[in-house]
Structure formats: C-alpha cells, structure tokens
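Just below is one structure, and these are the notes that go with it.
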Amino acid sequence: MTADLPAAAPRARFRPPAVPQVEVRGFWGSRIDAVCAKTADTLYRRCEEAGMLEQIDPDRPVPEIRIPFHGGLVTTQMFWDSDFGKVIETAGYCLQRAPNPNLERKVDDVIDILGRLQQPDGYLSSWYQRMQPGKRWTNLRDCHELYCAGHLIEGAVAYFQATGKRKLLDIMCRYMDHVATVFGPGPGQRRGYCGHEEIELALVKLARVTGQQKYMDLAKYFIDERGRQPHFYDAEAREQGRDPKDYVFGTYEYNQSHLPVREQDKVVGHAVRAMYLYSGMADVAMEYGDDSLTRALERLWRDLTSKRLYVTGGLGPSADNEGFTADYDLPNESAYAETCAAVGLVFWAGRMLGLGPDARYGDAMELALYNGAAAGLSLDGATFFYENPLESRGGHHRWTWHRCPCCPPNIARLTASIGSYMYGQSDDGIAVHLYGDSTADLDVGERKVRLVQKTRYPWDGAIALTVEPDAPAAFALDLRIPGWCRKASLSVNGTAQDLAAITRNGYAHISRRWSPGDVVRLDLELTVERLHAHPEVRQDAGRVALRRGPLVYCLEGVDNAVPLNRIRLPEGTELAAQDEPGLLGGVVTLEGDALAETTADWDGDLYRTAPPAERPVRIRAVPYYAWDNRDPGEMLVWVRGA
C-alpha cells in the first residue's frame, strides 16, 4: 500500500456495464428520450448542413475549405471526423433504446462511406485523404488525427453493441492495426502521441469489446510515451521545418505533455484534453494494476478538487486556452467551463471508480453530471451551451450549432449512455454509483444479477433496490452514500443496517448471500444547504450557493422581480423545497424570503456615504441545469450572503 492511496482502497476491478445492459427511466430516462426523439437526428442534420458528408465521401468532388485556418496550421474542419464519431455513438445508444429506421439508415450510409474512404493500409482521415493529401502524421501536436480516430472507435463500439453491426468496428480495427505499425518504441516506429488526448480511452473500449490485448497495449504506449524526453513535438516540428518554440500556446502544459504523466501533479492546460488524458490513465491503471499511474491520478485529483473546480462541477475558467489558469481562479460571469470539460470529468471520475468504490469519485461524477454537463443541453434536446458561466446579465444563451461543434454530440452521447455510469460490476460484487429509476442486468463473475431501482431521485432520496440473481449467490453490494447527505438509513429485507459499521470510502458495503426478491432500502435526507467558497476564491467572497441533494441551484430573472445582484440571503433565512411538476419538465424549486437593495432614494447619485436601504422580497431558485429554457434574462449562482 502506497502513502498516496486511501488506506482502505479496495483492489477489485470494477468495469462499467455496456449501455444495453441498463434500462434507464425517471429523471435521466426523460432526458435520454429527448436525445433519442430530437437530438440524434438534429446532430446528423446539422453535420450534413455543415458540409461534413461532402468532406468524407470519396465519390463526391473535393469540397472547398469552409472554415478558415487560424494560426496558419489549424482549422476546426480538420476535426469533423470526430463529430461524426460522436453522432454515430449517440445514434447507437438511441437505436438500442428505441427503433429509428431512418436514423439507422443514415448512420449505415455514413459507415459505408467511411469504408469506401479507408485506404488499403487501414488509414482513415477525411482531412488528410481529401483536403490535405500527403500530409498524414506530419503534425500530431495540432491536427487531431488520433483524436478523430478515437471518437470513431467509440462510435464503432457503441453502434456494434446496440445493433450487432460490426462494419465500423472492423474498419476501426484495421485502422488501429495500421496505427500500431506506425507508432511505438520499435525500430522504424515514431515515438509520437496525439496533441488532443482521446485515443487512449477509446483503445481501452476497443480492447474490451474485441478481446484483443494489442489495443490495450497501444493505449498504454500512448500514456507511457507522453511527455518523455527528447520531446516528440520538438522533433516533429524540426522535421517539418517549423521552430518548436513557435507554438501559439507557448507551453506543452497546454496538452499535458510537459512532463511524463507519472510526474505530473498540477491540472494544467486545455481542460477537455486533461480530462480525456486522466480518463485514459485511469483505465490503464485499472487494467494493468499500475499503482504508479494511480498515485499520479490521486495527486491530480486533489489539485483539481481543492483548487480548480467550480461548484457546478464545471472546470476550465479561461477562454484563452479553454482551460486552467491559477489556483482558486474561478470567475463566474466569464467562466468558460466548457460542456465537454464537465463531460470529461464524468468520464474521469467514472473510470477512477474502476479501481474500487470511493465516494470522492462518485460524488464528483454526480456533481458534474447533474450540473456542469446537463446544463449543456436544452430540455427539448435542440439547443446547446458551449460555455457554462455561473452568472449572466441576460445575454448568454444556447445556440443551434458552432464552428467547433464538439459539445452538442458530447453531451448527447453522455446523456444517452448514462446507464453505464450508474453501476460497476466485478467478479465478486456490484457497486451502485448513481441513483435513478432503472433496471440493470449485470455480470458478477459467472453469475447474472438483475438489479431494479425504484426512486424519484434526485427530487426524493427514497431508493428501493430489488436484487434478482439468477440463483441464490454470495456477493457484495456497495451503495454510495453521497457526501452531501447528512442523514441516511439503510435496511435489507426490512432489517436495519448499521451504516457507520459497514461504510468504507463513502460506500455502504453489504456482503451476504442474496436470493431473488431481496429488497434493499436506502433513504437519503435531502436538505437545502448553503455552500461557501474557499477564502482564496475572491469572486465568491461574501456569497453563498444553494444546493439540494446533487443539484446546484441558481436564480433566474424570470422568477425574481429585482436585479439578482441586489438580492441578499440573510443568515438563517429558510428556503423551502417546492415540488413543481409543471415547471421545466418537473422540478423542485427553492423558495423563501430575502432582502434586496433599493435604488428609490438615490436621486441620481452614483456614490454616497449611506449604505443602500433594503426591502423584503420573495425569491425562487431553480436547478442550474434548467436555466435558459424560458424567457431570456439574468442568471446567478453565487448570491450575496449575510
């Protein structure tokens, strides 16, 4: 046991179930239905309108470049293959949930096009085959070839698991077989890796679905090689006649290649790239039992969660690098907090849970999922946020598309695949990481176990789980006790359990012989809480954020009669939870009395010696994920306190 690991960290491997193993209902079920009914088709149509089909189809004339280069080297049009990968992944999850012959036909047509585009040696990139032929593998630092491949892999895996069709899976296996000949430590191979991480976690998925260890080993190579000296990006630049110092971002911290990954201890650079890297590291750490990676991930986790994470689970405050700046730099109105970054945090936290149940990771996954990520998709599934500020004067709204359209399919695929994050399965146990109405058919070693969850979570903390093994069997069931919960109770078949005695790393550990029909009841008390920021977070000094259960709340102008920054919540003010099934798809709001500064007696003055007078006002707060789904107006998460 190493000093950096939790003293009681279990060593079991917990792998997520495939999406088809979990039927999701309730809160997330309605969100998935919106994605399947509207978002999946919308994504395809908007990709088509952007010109992506013209670029990938070898039977059409080579199109004009639609998105200009910036910095002389890069256009976001280079990355279009990745958008199709995420659209295919989203479609796969939706087709598993409900038939959609029209969508399936469209995706099959795209896969056929990709098959025709693929070169005899396996290489596949619409940009470098059609738009800039002859330049493949010349700029891994900036141009995303392996990133695009990673998203196509994830699409291939999802589509195969949903439909049984393996054409795209076979295409991507041929591509990765080619990649394995190009990159590696062997004679004549390039010691390279992608400037935008993604291929690492995708290769783990490919290895698991195909059973081919070579893809797992390739993922490990990309993790191990990153940041080693002599630096690959320096050599690559010189090879192409570029000055390595002529780099728009100035430092390899931007893509987390400034140090070998096992030596990194600060979360730096582009937020999405960081989250994808750490996700891949966590997968490799779990699969290989690599404690050196786990120790690095623990250091990085502590840095993120103690200094660099928004209260909503958003991350990356700066638009300049789409990422991180200084410790405790968490501005609200200018927060970048890209939807993809919160999605990436869900990925990372979920993979850390592969090392064993630990509520630090389950809590963070839930926080990012319900707040920073979920806000990125409108309730009807049609419009999207790229940036997710924690304050708006009324000018920030969702959009229909973007010249870098990474976020729409990213939040769509996460939403549609939420079932795979709810549970973990190992040879001798099941972990329940997220609560929600659902039925999961899980594998515990050679046993089949159905777990049925009945709950109104996140609006209500009462959860009933019926355990249905295919035959009576002994195994462990681990249930996360959220860190926000101040009071919880647990029973098995009506017999109360001593939570304090059986809880470890924030999970209640129930090890027993289970019979079909056994019922576990967990009650989590949901209370309205005020959160205070660390004193170093200067933007939140004297302010409070509101939370109930996993949900962070905000004020919107449409609900409140005064400018939001005039409102003050005195200490001790009670806020009541109100169930409002007709509002925003059905939510619980927080309502209560507060004070608001008045301008009635200022007589045109800009400054004066007397403080503003205050008057009583009634306020209403809604879940942050649901803001900007009604009339446009102000929004505020951090409210002035006492």
- Message: Restricting to Cα pairs below 8 Å that are 6+ residues apart, what does the relative contact order work out to for the stretch 167-271? Please round to a whole percent.
- Response: 20
- Message: What does the charge count around TYR254 come to, taking other residues whose C-beta lies under 11 Å from its C-beta (Lys +1, Arg +1, Asp -1, Glu -1)?
- Response: -2
- Message: So for the chain, averaging the separation of alpha carbon pairs under 8 Å that are six or more residues apart and normalising by length, what relative contact order in percent results?
- Response: 13
- Note on the structure: So for the stretch 423-524, using the alpha carbon gyration tensor with a ≥ b ≥ c as root eigenvalues (a/c under 1.5 gives rounded; past that, a/b versus b/c decides prolate or oblate), I'd call it prolate
- Partner lysines for LYS266 [C-alpha distance under 20 Å; skip if fewer than 8 residues away on the same chain]: LYS307
- Item | Environment charge of ARG141, counting only residues whose C-beta is closer than 15 Å and scoring Lys/Arg +1, Asp/Glu -1 | -1
- Task: Mind giving me the FRET efficiency for VAL452 and ASP603? R0 is 56 Å, r the Cβ-Cβ distance, nearest 0.05 is fine.
- Result: 0.30
- Query: How large is the charge dipole for the chain, taken about the Cα centre, if only the Cβ atoms of Lys, Arg (+1) and Asp, Glu (-1) carry charge, to the nearest 20 debye?
  - Reply: 880
- Item | Using a Förster distance of 35 Å, the FRET efficiency for GLN578-ARG615 (Cβ separation, nearest 0.05) | 0.95
- Roughly how many Å is it from the Cα centre of the stretch 434-481 to that of the stretch 486-515, as a whole number? 13
- Length-normalised contact order for the stretch 396-491 - Cα pairs under 8 Å, 6+ apart - percent: 20
- Query: Got a sec? How would TRP602, TRP80 order by Cβ neighbour count within 10 Å, fewest to most?
  - Reply: TRP602, TRP80
- Query: Which of rounded, prolate, oblate describes the stretch 236-343, given a ≥ b ≥ c as roots of the alpha-carbon gyration tensor eigenvalues and a/c under 1.5 marking rounded, otherwise prolate only if a/b is larger than b/c?
  - Reply: oblate
- Message: Given the DSSP H assignment, sum -39500 (n - 2.57) over each helix run of at least 4 residues in the chain and divide by its residue total; what's the result at 222 nm in deg cm²/dmol, nearest 500?
- Response: -10000 deg cm²/dmol
- Message: Could you tell me how far the Cα centroid of the stretch 237-273 sits from the Cα centroid of the stretch 133-193, in Å?
- Response: 22
- Task: Report, for the chain, the % of DSSP beta bridges that are antiparallel, rounded to 5.
- Result: 95
- Item | ³J(HN,Hα), Karplus 6.51/-1.76/1.60, whole Hz, each residue of the stretch 616-630, x for Gly, Pro | x, 9, 9, 10, 9, 10, 10, x, 4, 4, 9, 6, 6, 10, 10
- Message: Quick check on packing: order 224-237, 606-619 by the mean number of other C-beta atoms within 10 Å, highest mean leading.
- Response: 224-237, 606-619
- Message: So for each of 384-394, 100-110 I average, over its residues, the number of other beta carbons within 10 Å; can you give me the resulting order with the highest mean first?
- Response: 384-394, 100-110
- For the stretch 105-228, what does the alpha-carbon gyration tensor say about shape, rounded, prolate or oblate, given a ≥ b ≥ c as the root eigenvalues, a/c under 1.5 as rounded, and a/b over b/c as prolate? oblate
- GLY92 neighbourhood, Cβ < 13 Å, K/R = +1, D/E = -1, net charge +4
- Task: Provide the per-residue ³J(HN,Hα) series for the stretch 174-180, in order, calculated from phi with Karplus coefficients 6.51, -1.76, 1.60 and θ = phi - 60°, each as a whole number of Hz, with x at glycine and proline positions.
- Result: 5, 5, 5, 4, 5, 4, 5
- Item | Cα-based reach from LYS220 at 19 Å (exclusive), listing lysines while leaving out same-chain residues under 8 positions away | LYS205
- What is the packing order of peptides 68-78, 187-197, taking the mean over residues of other C-beta atoms within 10 Å and listing the highest first? 187-197, 68-78
- Item | Label-point separation in nm, ASP329 to ASP112, each point 7 Å along Cα→Cβ | 5.1
- Note on the structure: Expressed in nanometres to one decimal, the distance between label points 7 Å along Cα→Cβ at THR400 and LYS167 is 3.0
- Message: I need the semi-axes of the equivalent ellipsoid of the stretch 528-640: take the C-alpha gyration tensor, multiply each eigenvalue by 5, square-root it, list largest first in whole angstrom.
- Response: 26, 17, 13
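Any read-out appearing in this document is the output of simple, stated calculations on the displayed coordinates, not a laboratory observation. This is a predicted model, so every value here is computed, not measured. No Cβ is skipped: glycine too gets one built from the backbone with ideal geometry, and neighbour counts run over all protein chains shown.
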